[in-house]
Structure formats: C-alpha cells, structure tokens
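> Let me begin by handing over the structure; questions about it come next.
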Amino acid sequence: MRILYIDIDTLRPDHMGCYGYKRDTTPNMDKIANEGLVFDNYYCSDAPCLPSRAALIFGQFGIHTGIVGHGGTAADKRLTGESRSFNDIEDVNNFNYIFRKAGMYTASISSFAERHSSMWFNAGFNETHNVGDGGMESGEKVIPIALEWLDRNKNRDDWYLQLHLWDPHTPYRAPAEFGNPFASEPLDNWITEEVFSKHIKKAGPHSALDISGIHGTPNPEFPRHPGSLNNLAEVKNFFDQYDCGIKYADQLIGNVIDLLKAQDIYDETAIIISSDHGENMDELGIYAEHGTADNITCKIPMIIKWPGGKTGRDDKFRYNLDLAPTMADLLNVAPYEKWDGKSYAGLINGEEVAGWNSLVLSQQAHVNQRAARFDDYIYIRTISDGFHLFDDEMLFNIKDDPYEQFDLKDTHPEICAKGAKIILDWQEEMMKTSNSDRDPMWTVYREGGPYHGHRQYVEMYAQRLETSGRADSAEKLRNRYKA
C-alpha cells in the first residue's frame, strides 16, 4: 500500500473550500476531499507547532510527553528513565514506526526536526530530506524533492511519505511572482470598522499594531508581512497574503497529485491532509499567530482519502493524537499501550465510531492556557497571558460566535463551571497515568512563563505600548506582572 501524508503548516480549515470558504484557495485539496472523508471537529491537543507534532508522533498528550512549549524544560521530551532499553520504547512505538511495522518503506520531506531541535520526529523513517532553511523555506524548494522521490520509487508497492509545506506559516512568504490572486476579490469578513476600532487598541504580541511580535517593525525580507495594521484596507491585504500562502501550497500539491495520476497510482494511494494548528486572524485581537488555546488555533483540517474507504463528513470531536491508533488498526499493527488516542479506523471502513464527549486543549508556548471544548462552547483558563491582558476565564459560543468576539463568562457561570470541571477531571486523570509528578504547564510557568511571552520581556513590551498610544495597557501590564 502507498500512503501520502500532506502536512501543511498553519492551515485553518475555514480557509479551505471544502470547509466552506468562499475564496478559491484550495481547488486541488478540495478535489481530494470530495473523494474522501472530511472531519469537521478535528483538533490538536497541544498547540502550537512543536507540542502539536509531538502529540501526533507519540500519540500522547503533552502532559504525558512533557512537550508543551517552545523553549525551556518543557520543549524537550521527558527521558524514559531507568526502564529505557537499547532502543527507546517511545521512539519504536511512535506514529512513523506504525508504517515500518506494516512493512512499508518510510520517508519524510521536512525541516521540522531541525527547526525545533526535535530529532525524535525522524525516528521510524528510512529516509529523511531537509532543505536546511529551518522552516523558513517556501514550497518551491520542497516539491522538487517530493517529485523526484515519487519518480524514484514509482515501482515500489509499499511506501509512506510525509510531505511538509510551511507556506501559510508566518511570516507569509509566497514568492513575489505568485502575485495576489485575491487583490480584486472582496473579503467576506466579520471585521467591521467598529470591531477594528477596538482591536487596534489591544495589547499583546501580534496585535494589530505589533504584527511582528512585540514591535511593529516590518522585515524587508518578507514584504508580504507588514509590521502593523492601521485600517481595514491593510487588514484585507493581510488576509490576502495568508490566503496566498494557502493557495500557493495547494498549487504545489496539485503537481504531486498530477504525478501520482501520471504514474497511474493515484486511485490506490491513500492520502491524508492535515495541519499542526490554525492561525488567529484577529480572533482575541491576535493576527498572524497561533498563540492561544482557543478554537481557531487548535482546530485543524483532516481529510482522509482511503482506497475503498468511506467518503463524506464526520462531525464528532476528535484529536490529532487519535491518528496513531487509527493507522495501527487500519494496517493491522499492534497498538502501543501508552497511546492516549482513540482509534476511528471503523469510521474509514463505513462504521459508526463515537468521538470524544469533550476535548481539553493546551497552549504553553505563547500563553499558559488550557481550554475545554464541549457542546457549542469553548471555555478557556489562563494562567499566564503572554502580555495579552486576558481575563483568567473566557467563554465563547462557537456556534453563534465562531470568531470569539463575545465573552459569555459573566452571564453563564454554570457553563464555565462545567468547562472548569472538564479540565480538572482530565488533569487528574492524566496525572494518574503520568511518569512524572509534575504537570509541564506549571514547569513552563515556574521557568518564567511561556517562551514567546516570557516575564523577562514585560518592561520591554510595556515601553512599546507607551510609545504606540497604549499607555493604559502598559500600566495594566506592569501591575499584572509586578509580583
């Protein structure tokens, strides 16, 4: 069997045609979606990039792997410890090894392991290809490697290829010659003058005036990525640039699909399309970043075209870490006892498979947050706010308010209580089965806070707020972090 896993970084499902987006961003992936199964409520358990892929590869929540952040102790996998044998049991039971155990030749085209100093990501691959730009590469450097690999292996019957494109990831970097196919196309946008007038005053890295992080200075190497947004015309152009990254990646995927069809193996090739996380585009006042445990950041696309498998849509709550036990079942590989996910292999075979009743989502790289996703709601608890001045609790009705504009915590304390209990029950259950007595969320907090919102930068950002007309937020920030 042949399996192609297409991993497109920072891909919001609601910016894809197959998820209802009005712009023609993903014509090639939409065709694959029409031939496969589309998951409407699929989430990464731990965001953003490093924690999300760790959960996928190890099939475990970050509270178990220890990988929840982008720096410090909680950016490294916990040591297996005294029980470690000649090979680390966690590596030989990871997601990639499922395909090896099924008798497949495995290969990866990705710079992820180098970007995040996470060489465990490569465990299980027979072959790895890294263009060497640490995730800053554009897809035209990656796709030729994929096409050459497919041509070289066209007569091989059993292979698994992981293909990773970064193009929608900040900073937006589609090649200049790609232009802007959306320049004259209106944006069906929820961001009105009234909304933007509030958001332009917001504090926090990657807010409207601080697109580049904790400053508003643009990087001339990335002309598609401005330093600040000052009006709705600039907001519209900014959305265009994110969508350009998606459409450019889709165009490159089209080249791969064309080759599979030319080799007459497309129909018999399983194709999985997903991402590591979404992207805030003014939700919670954040632009061009994946820095919270909210619905937008943690919700990801999942499309599976499986030869002879079910087509249509699935609306159950599912995690990215469910994919490991699912692939093991589909390929008749014994599951690993420490996997936290639930297999939905039966769904691919046309059966009804229950999802999770609720999900717990984590973000410890930009903020210290955990969230509960249940019913129509997302309930978010913030331990350290990464300079965004978030309230300790937030509650949003995702069905009525998909862009998270109206915090309902004051009017629905009983729903907040339900969300808080979901998180507490989950945390206690996870700690019962952990090989550590420490929750890595608190490790991040004790080491100075999230890597991208570390407490050492409080005064620097407070001064930035003062010089950009947000002195009241600077005072609030200093007061909040003075301890």
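> Examine the range 288-295 for a residue that is crowded, with 18+ Cβ neighbours inside 10 Å, farther than 30 Å from F317 by Cβ and either of a type in the set (G, A, S) or within 17 Å of the chain's Cα centre (by Cα) (or both), and state whether such a residue exists.
Within the range 288-295, not a single residue is crowded, with 18+ Cβ neighbours inside 10 Å, farther than 30 Å from F317 by Cβ and either of a type in the set (G, A, S) or within 17 Å of the chain's Cα centre (by Cα) (or both).
> Right, something else. Does W149 meet the test of being touching a strand residue (DSSP E or B) at 6+ places or on another chain (Cβ under 7 Å) and in contact (Cβ under 8 Å) with a residue 40 or more places away in the chain?
Numbers: touching a strand residue (DSSP E or B) at 6+ places or on another chain (Cβ under 7 Å): yes; in contact (Cβ under 8 Å) with a residue 40 or more places away in the chain: yes.
Considered against the rule, which asks whether it is touching a strand residue (DSSP E or B) at 6+ places or on another chain (Cβ under 7 Å) and in contact (Cβ under 8 Å) with a residue 40 or more places away in the chain, W149 comes out as yes.
> Do you know which of the residues in the range 350-368 that are in a loop (DSSP other than H, G, I, E, B) and of a type in the set (V, I, T) is surrounded by the fewest Cβ atoms within 10 Å (Cβ to Cβ)? So that I can check it myself, show each step before the final result.
Here is the first cut: in the range 350-368, the ones in a loop (DSSP other than H, G, I, E, B) are 350-355, 357, 364-367.
Subset that is of a type in the set (V, I, T): 353, 367.
Values: V353: 17, V367: 27.
Selected residue: V353.
> While we're looking at this one, here's another question. Tell me, please, whether a residue that is among the polar types (S, T, N, Q), closer than 30 Å to M441 by Cα and outside any loop (DSSP other than H, G, I, E, B) can be found in the range 338-349.
No, that holds for no residue.
> Can you find, within the range 453-483, the residue that is surrounded by the most Cβ atoms within 10 Å (Cβ to Cβ) among those that are over 12 Å from I214 (Cα atoms), hydrophobic (A, V, I, L, M, F, W, C) and in contact (Cβ under 8 Å) with a residue 12 or more places away in the chain?
In this case the residue turns out to be L477.
> I'm checking my understanding of the structure. Among residues of the range 281-322 that are hydroxyl-bearing (S, T, Y) and not in a loop (DSSP other than H, G, I, E, B), which one is farthest from Y377 (Cα to Cα)?
That would be Y287.
> Could you please let me know if S117 is surrounded by 19 or more Cβ atoms within 10 Å (Cβ to Cβ), polar (S, T, N, Q) and within 20 Å of the chain's Cα centre (by Cα)?
Here the answer is no, as S117 does not meet what is asked.
> Still on this structure, I have one more. I'm checking my understanding of the structure. Among residues of the range 323-349 that are surrounded by fewer than 22 Cβ atoms within 10 Å (Cβ to Cβ) and among the aromatic types (F, W, Y), which one is nearest to H290 (Cα to Cα)?
W339
> Looking at the range 177-189, which of its residues are small (G, A, S) and either touching a helix residue (DSSP H, G or I) at 6+ places or on another chain (Cβ under 7 Å) or closer than 18 Å to I143 by Cβ (or both)?
A183
> Return the residue satisfying two criteria in turn: it lies in the range 397-454 and is among the β-branched types (V, I, T), out of contact with any helix residue (DSSP H, G or I) (no Cβ under 6 Å at 6 or more places or on another chain) and assigned to a loop (DSSP other than H, G, I, E, B), and of such residues it is nearest to I286 (Cα to Cα).
If we take residues in the range 397-454 being among the β-branched types (V, I, T), out of contact with any helix residue (DSSP H, G or I) (no Cβ under 6 Å at 6 or more places or on another chain) and assigned to a loop (DSSP other than H, G, I, E, B), then T411 is nearest to I286 (Cα to Cα).
> Quick one: which of K201, K236, K247, K261 is charged (D, E, K, R) and assigned to a loop (DSSP other than H, G, I, E, B)?
Criteria check complete, one pass: K201.
> Is there a residue being farther than 24 Å from D40 by Cα and among the polar types (S, T, N, Q) anywhere in the range 374-390?
Yes, the range 374-390 contains a residue that is farther than 24 Å from D40 by Cα and among the polar types (S, T, N, Q).
> Of the numbered conditions (1) at negative phi; (2) in contact with a Leu (Cβ under 7 Å, 6 or more places away or on another chain); (3) of a type in the set (G, A, S), G36 satisfies every one except a single condition; which is it?
G36 satisfies all of (1) at negative phi; (2) in contact with a Leu (Cβ under 7 Å, 6 or more places away or on another chain); (3) of a type in the set (G, A, S) except (2).
Read the figures in this text as sums done on the coordinates, not as results from a lab. Owing to the predicted nature of the structure, the values given are computational and were not obtained by experimental measurement. No Cβ is skipped: glycine too gets one built from the backbone with ideal geometry, and neighbour counts run over all protein chains shown.
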